[in-house]
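Below is one structure, written out as structure tokens; comments come after it.
The values are calculated or read from the model by the stated rules, or taken from the named source; none is laboratory data. Note that the structure is predicted; figures quoted are calculated from it, not measured. Cβ placement follows ideal geometry from the backbone for every residue including glycine, while neighbour counts extend to all protein chains displayed. These accessible areas exclude ligands, DNA and RNA; they are computed on the full protein's heavy atoms, side chains included. Shrake-Rupley method; radii C 1.70, N 1.55, O 1.52, S 1.80 Å.
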Amino acid sequence: MTVSSDLECIRAVAKSYFDAHDQLLPAHDWHHVQRVETLAERLAAARSTDDRVLGLAVLLHDIGRGKEDAGEIDDHAAWGAEEARRILSSSEEFGLEAVDGLPMGDIDVADETIDAVGHCIRAHRYSNDIEPTTLEARILSDADNLDALGAIGIARVFSYGGEKGTAIHDPAVPIEEDDSRAGRTSVNHIHKKILELPDWMYTDEGRELAAERTRVVVDFVDRLEAEVSGQR
């Protein structure tokens, strides 16, 4: 995926949404966007993707996350898609006067590109149940879900749980009796959401990476449950 100078301008604008939140939660910070970008580039390699659509969607997919975590909006994906449209339709209103010598006002994004980016952003959220219908949307979805698996996924679960005051593990709330959607403990969240993510992968390489990362999560949960039960 080629990163052009206009993408670098949008990168600066996208990052400003994260910088604007002093108390941004680490589980969904700018580093998450950078990891998703790396994964998306890997999944897009040797595929006929629209690199501009994918690049813009990756950079802008979580610009509403800080507002959702602050309780200002209900759905960062829906809000982010509309905000991305506003940014890409009137880029001269945002960011610095120039990035790498390119004035923001010089960015010209076609309507069909903006529509495609918006679809990617809306569809990337696992809990929205919006089917990604384009290759770019499927790659973004896979890359975003992959960052919720493996060692980094484990770290993010417990970071987010700590931020929200969620119990790590509670023997009084076994998974089979937890009727909440997301899980009432961080361990239950792993069972209810994280271990379901491999079933939501769209690309072959995404499925392979998800299988590898899922094994890491399963091994961790098995060890944790053995320790809390006193078996290890």
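Assorted remarks:
- Candidate set from the stretch 124-139 (those that are open to solvent by less than 50 Å² (accessible area, probe 1.4 Å) and among the hydrophobic types (A, V, I, L, M, F, W, C)); member that is nearest to LEU195 (Cα to Cα): ILE139
Every residue, every condition in (1) open to solvent by 60 Å² or more (accessible area, probe 1.4 Å); (2) within 30 Å of ALA44 (Cα to Cα); (3) not β-branched (Val, Ile, Thr), yes or no:
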position: ALA148; (1), (2), (3): no, yes, yes
position: THR166; (1), (2), (3): no, no, no
position: HIS169; (1), (2), (3): yes, no, yes
position: THR185; (1), (2), (3): no, no, no
position: ILE190; (1), (2), (3): no, yes, no
position: LEU197; (1), (2), (3): no, yes, yes
position: GLU212; (1), (2), (3): yes, yes, yes
position: ASP222; (1), (2), (3): yes, no, yes
position: GLU227; (1), (2), (3): yes, no, yes
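- Selection of the stretch 171-183 for residues being open to solvent by less than 50 Å² (accessible area, probe 1.4 Å), farther than 18 Å from VAL218 by Cα and either under 25 Å from the mean Cα position of the chain (by Cα) or of a type in the set (Asp, Glu) (or both) yields ASP178, SER180.
- Among the residues listed as GLY161, GLY206, GLY118, the single one being open to solvent by less than 20 Å² (accessible area, probe 1.4 Å), touching a residue at least 12 places away in the same chain (Cβ under 8 Å), farther than 29 Å from ILE10 by Cα and assigned to a helix (DSSP H, G or I): GLY161
Here is a yes/no grid of residues against (1) part of a loop (DSSP other than H, G, I, E, B); (2) under 30 Å from ILE139 (Cβ atoms):
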| residue | (1), (2) |
| --- | --- |
| HIS169 | yes, no |
| ALA172 | yes, no |
| GLU176 | no, no |
| SER180 | yes, no |
| ASP199 | no, yes |
| GLU212 | no, yes |
| VAL217 | no, yes |
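- Checked against (1) within 18 Å of LEU146 (Cβ to Cβ); (2) at pLDDT below 95; (3) part of a loop (DSSP other than H, G, I, E, B), ALA27 passes all but a single condition, namely (3).
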